[in-house]
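Remarks on the structure that follows.
The values are calculated or read from the model by the stated rules, or taken from the named source; none is laboratory data. Just so you know, these numbers come straight off a predicted model, no measurement behind them. Counting neighbours? That spans all protein chains shown, and the Cβs are built from the backbone with ideal geometry, glycine included.
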Protein chains: 2
Amino acid sequence: MFMNKRLILKKRPIGFPDENTWALEEEAINNLNDGEVLVQQHYVSLDPAMRGWMNEGKSYIEPINLDDVMRAGSIGKVIKSNNHPKLNVGDCIAGWGGVQQYVVTEAQNWHKVDETLASMPLYLSTLGMTGMTAYFGILEVGKIKEGNVVLVSGAAGAVGSIVGQIAKIKGCTVIGIAGGKEKCDYLVDELGFDGSIDYKTENVMLSIREKCPKGIDVFFDNVGGDMLDAALVHIRKHARIVICGAISQYNNTARIKGPSNYLSLLVNRATMQGMVVFDYADRYAEAAKQMSYWIQQGKLKSKEDIYEGIENFQETYNRLFTGAKHGKLVLKVL
Amino acid sequence: MFMNKRLILKKRPIGFPDENTWALEEEAINNLNDGEVLVQQHYVSLDPAMRGWMNEGKSYIEPINLDDVMRAGSIGKVIKSNNHPKLNVGDCIAGWGGVQQYVVTEAQNWHKVDETLASMPLYLSTLGMTGMTAYFGILEVGKIKEGNVVLVSGAAGAVGSIVGQIAKIKGCTVIGIAGGKEKCDYLVDELGFDGSIDYKTENVMLSIREKCPKGIDVFFDNVGGDMLDAALVHIRKHARIVICGAISQYNNTARIKGPSNYLSLLVNRATMQGMVVFDYADRYAEAAKQMSYWIQQGKLKSKEDIYEGIENFQETYNRLFTGAKHGKLVLKVL
């Protein structure tokens, strides 16, 4: 028998989650029904989007119900199978297992991955939802072309760092906004960005003007708030703004700050478009193949920041919003 | 000799223009150079965009210089020609003559119109920039399809009333937002809109929900501010928001109010796009032909609200922003 530690959503947070938001519970795993597998989860993915899933009300996805396991992308191994038609013990599979150590499932929405080609955390980052978001966001919504000037906010983050590298591969000039010298140096020295802006020490508005003197063709926004407003001032004609997220606003208890400079869209005949990665589900395989190839070639670097222990979920989660992380945040739960 | 009364921009307004913004001057018309014509202007077009042209700084068009004639679209007749290669005395021509009674010009950016087909004011409204804005805005940026739910703000205004009628012609369900019962009745009873919302007496947020129960596919926004925010709450998946103007914000002395609900673009994978009609200049003829045809068929109604006297420019201009007008605002200057 297996004892499963699982993190339960107990209360919808207002602003930042606190000690009443989640509770860690233990349950015994029951016998498998016919066609089910038992998955031992190794890693769960931590994403800013989690904040939104905890809110009540309409969004691009159903909110997490109270008393349900906290939703999360995850990866693990099949350790038991009761006549599952496709999966065998030892298979490595990724899916939406949530923040828990074991899952009993028919695995309909899980997919098998090849652990010999990439490490498990990589399947949660560049080869997972994070990478898919970056890939389709910058290519399909941002519609980058060679020679474009691309500005990325949250550029040292999981999505932003991939966005910027793809834009470099495609021949764009790429400037990233990040917090702190270390992250900014990382963008330029390690990832090959053309420039960086440290929002903690620089005036973002002035630095964009200086580093994008011809203006911005594509702004990929993970942050919202003042950064979006500053970028709007500097867009070029027919610019595209990709609204991927607004991490600066997710824990607001007041009303979200809308972009005061949105009329720049009119002046510049520009487009601001939202994206949700799930819309590209039928093309995930194509994107994963392309990005694996870029990784092999050394053109695309993937960085995972791995923490351990399901007990440490909340502390790790907070790093999403404090910025105390380097790359894709992953928690080893078992 | 002709004495020309012309309105000069003397001071850039802060907020609403006042008595120091413009000055009416008189000048004697000089002899024509070779290749020039003298145009007697009959009507000038009044447009909310004028407010923006008076501001300093980068926009989609150069600001009007201080001490220059106030920019305006206009229509009039050639009353003198000094060997102009194409225009003859008696020709009716439309262009950017500004707020004045006579213009001496080589007429390079003017175009000849047929006064027997439509009245002069119509060439400043549905068959002029106003109509072009509506046509390309709703068709090319709004990308309406049969069955779409279309919401229009400033719906009884010059652009909005044409937008809504085109959407009806194309088989959409059309709801218009306007100020006052008379305008709202006009939308439904005269123009065939499916419904109206009176922002002066109704809660716009609640009324949109009630009148667009399935949500909005296209929002054509002339107003901005709270209306844009209310519309954002009710957009459907893959909705298009056309940013044509933001008349509620043009006279702000404080910072423009950005759309707090812009993250609805993300949730709904929606697009907010700005437009400037000049980008479609090479297709004006096509649009004018199509709209003339709709007018002939009785499917498209054009309403001009005509005032008289160049001395009354400022009072007439103010009607753009107070809403004390019915349809396209035109001033007869001679």
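For B:M54, are the conditions met, namely being in contact with a Pro (Cβ under 9 Å, 6 or more places away or on another chain), away from chain A (no Cβ under 14 Å) and not β-branched (V, I, T)?
It is true that B:M54 is in contact with a Pro (Cβ under 9 Å, 6 or more places away or on another chain), away from chain A (no Cβ under 14 Å) and not β-branched (V, I, T).
Return the only residue of B:G15, B:G52 being at pLDDT below 95, surrounded by 17 or more Cβ atoms within 10 Å (Cβ to Cβ) and not in a strand (DSSP E or B).
When all the criteria are applied, what remains is B:G52.
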Condition first: of a type in the set (D, E, K, R) and facing another protein chain (nearest Cβ under 10 Å). Now tell me which residues in region B:222-255 satisfy that.
B:D229, B:K237, B:R240, B:R255
Looking only at region B:196-205, decide whether some residue is out of contact with any Lys or Arg (no Cβ under 8 Å at 6 or more places or on another chain), under 21 Å from B:S292 (Cβ atoms) and surrounded by fewer than 24 Cβ atoms within 10 Å (Cβ to Cβ).
no
Out of B:T322, B:T316, sole residue that is touching a Leu at 6+ places or on another chain (Cβ under 9 Å) and of a type in the set (V, I, T)
B:T316
Among the residues of region B:206-231, the number that are at positive phi and surrounded by fewer than 24 Cβ atoms within 10 Å (Cβ to Cβ) is 2
Taking the criterion of being at pLDDT 95 or above, over 20 Å from A:L266 (Cα atoms) and among the acidic types (D, E), would at least one residue in region B:146-162 satisfy it?
yes
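Residues checked against (1) of a type in the set (D, E); (2) in the same structural domain as A:E19 (by TED's automatic domain parsing); (3) closer than 22 Å to A:V99 by Cβ:
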{"site": "A:G274", "(1), (2), (3)": "no, no, no"}
{"site": "A:A287", "(1), (2), (3)": "no, no, no"}
{"site": "A:S292", "(1), (2), (3)": "no, no, no"}
{"site": "A:G298", "(1), (2), (3)": "no, no, no"}
{"site": "A:E311", "(1), (2), (3)": "yes, yes, yes"}
{"site": "A:Q314", "(1), (2), (3)": "no, yes, yes"}
{"site": "A:R319", "(1), (2), (3)": "no, yes, yes"}
{"site": "A:G323", "(1), (2), (3)": "no, yes, yes"}
{"site": "A:K328", "(1), (2), (3)": "no, yes, yes"}
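Give me a count of the residues in region A:95-116 that are in contact with a helix residue (DSSP H, G or I) (Cβ under 7 Å, 6 or more places away or on another chain) and surrounded by fewer than 22 Cβ atoms within 10 Å (Cβ to Cβ).
Total meeting the criteria: 1.
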Filtering region B:123-140 for residues that are surrounded by fewer than 24 Cβ atoms within 10 Å (Cβ to Cβ) and either aliphatic (A, V, I, L, M) or in contact with a Cys (Cβ under 9 Å, 6 or more places away or on another chain) (or both) leaves a count of 3
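Among B:V159, B:V89, which is the only one that is of a type in the set (A, V, I, L, M) and free of Cβ contacts under 8 Å to residues at least 24 places away in the same chain?
Step by step, each of B:V159, B:V89 is checked, and only B:V89 is of a type in the set (A, V, I, L, M) and free of Cβ contacts under 8 Å to residues at least 24 places away in the same chain.
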So, of the residues in region B:261-313 that are among the polar types (S, T, N, Q) and outside any helix (DSSP H, G or I), which turns out to be farthest from the other protein chains (Cβ to nearest Cβ)?
B:Q297
May I ask you to list the residues in region B:315-330 that are among the small types (G, A, S) and under 16 Å from B:N251 (Cβ atoms)?
B:G323, B:A324
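Has region B:60-77 got at least one residue that is of a type in the set (D, E, K, R), more than 22 Å from B:G323 (Cα to Cα) and assigned to a strand (DSSP E or B)?
Yes, some residue in region B:60-77 is of a type in the set (D, E, K, R), more than 22 Å from B:G323 (Cα to Cα) and assigned to a strand (DSSP E or B).
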Only one residue in B:V69, B:V44 is touching a residue at least 60 places away in the same chain (Cβ under 8 Å), within 22 Å of B:N312 (Cβ to Cβ), in contact with a Ser or Thr (Cβ under 9 Å, 6 or more places away or on another chain) and of a type in the set (A, V, I, L, M). Which one?
B:V44
Single residue of B:G180, B:G195 found to be without any contact (Cβ under 8 Å) to a residue 60 or more places away in the chain, in the same structural domain as B:I138 (by TED's automatic domain parsing) and under 23 Å from B:A134 (Cα atoms)
B:G195
Please go through region A:214-236 and give me each residue that is under 22 Å from A:M275 (Cβ atoms) and not in a helix (DSSP H, G or I), ordered by number.
A:I216, A:D217, A:V218, A:F219, A:F220, A:D221, A:N222, A:V223, A:G224, A:H234, A:I235, A:R236
State the number of residues belonging to region A:30-80 that are hydrophobic (A, V, I, L, M, F, W, C), within 23 Å of A:H111 (Cα to Cα) and more than 20 Å from the chain's Cα centre (by Cα).
6
In region B:288-309, the residues that are charged (D, E, K, R) and farther than 20 Å from B:E190 by Cβ:
B:K289, B:E308
